[in-house]
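Some notes on the structure that comes next.
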Amino acid sequence: MIKAVFDSNLLVSAFLTCSSGGVSTELLRFVINGTIELYLSVAIADEVAETLTENDRARARYRYTEQQVVQYRADLLVLATVVDNPRAMPGAVPRDPDDDNIIACAVAADAGYLVTRDRDLLSLDRYGATEIISPETFLRIVRHEASPSQPWRCIALLRTCTPPLWIWTRCPIRAAASR
């Protein structure tokens, strides 16, 4: 299994593009089917919820409710392995100290990858044993390592969730699972 941390922008993108698909959504599908072991801190999940809740333009365009955001945050914390109180790493990202918490989560999780579109993080290229890469590059790595049998595990997982994860109710893979 590939150990990774996703930054908040990738998770926001997955929420917004769930029904239409995209790289971020596909990466979350690989988390569900067990190809990726996702690690998150509560701070990352909170940032996702805050970004979605406070972005009036996105709320108007994508027409989602605050309750859907709350459910998505809860679903992420169920899907991921939560890294409790990662040790602070001041100065880890010199260009943007706000990103230090993402590095701290990746280091505490001993994650092989930190997946982001954030230029300040990408400029580091690597932090310790963690490679910092774009979602598109990471998706190529994951597709290469994924086995064809894994989508069936994903469907089985979705059927065992009560209630089913909200983020997948509008996605094509969820429709296939309910047949």
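The values are calculated or read from the model by the stated rules, or taken from the named source; none is laboratory data. Predicted model, so just to flag it, every value in this text is computed and none were measured. Note that we place each Cβ from the backbone using ideal geometry, even for glycine, and neighbour counts take in every protein chain shown.
Modelled with pLDDT of 90 or more, closer than 18 Å to ALA14 by Cβ and part of a strand (DSSP E or B): is that true of LEU121 in this structure?
Values: modelled with pLDDT of 90 or more: yes; closer than 18 Å to ALA14 by Cβ: yes; part of a strand (DSSP E or B): no.
So LEU121 does not fit the description; no.
On inspection, GLY128 qualifies as at positive phi and either under 19 Å from the mean Cα position of the chain (by Cα) or surrounded by fewer than 20 Cβ atoms within 10 Å (Cβ to Cβ) (or both). The residues in the stretch 131-148 that are of a type in the set (D, E, K, R) and crowded, with 17+ Cβ neighbours inside 10 Å can be counted, and the count is 1. Checking each residue of the stretch 40-47 against the condition of being in contact (Cβ under 8 Å) with a residue 24 or more places away in the chain, assigned to a strand (DSSP E or B) and surrounded by 15 or more Cβ atoms within 10 Å (Cβ to Cβ) gives at least one match. If you go through the stretch 14-28 and keep only what is more than 18 Å from THR65 (Cβ to Cβ) and surrounded by 21 or more Cβ atoms within 10 Å (Cβ to Cβ), you end up with SER24, THR25, LEU27, LEU28.
Can you pull out the residues in the stretch 44-60 that are over 13 Å from VAL115 (Cβ atoms), within 13 Å of the chain's Cα centre (by Cα) and not acidic (Asp, Glu)? The answer is ALA45, VAL48, ALA49.
Filtered by the rule that a residue be assigned to a loop (DSSP other than H, G, I, E, B) and either touching a helix residue (DSSP H, G or I) at 6+ places or on another chain (Cβ under 6 Å) or crowded, with 20+ Cβ neighbours inside 10 Å (or both), the stretch 59-86 gives ALA80, VAL83, PRO86.
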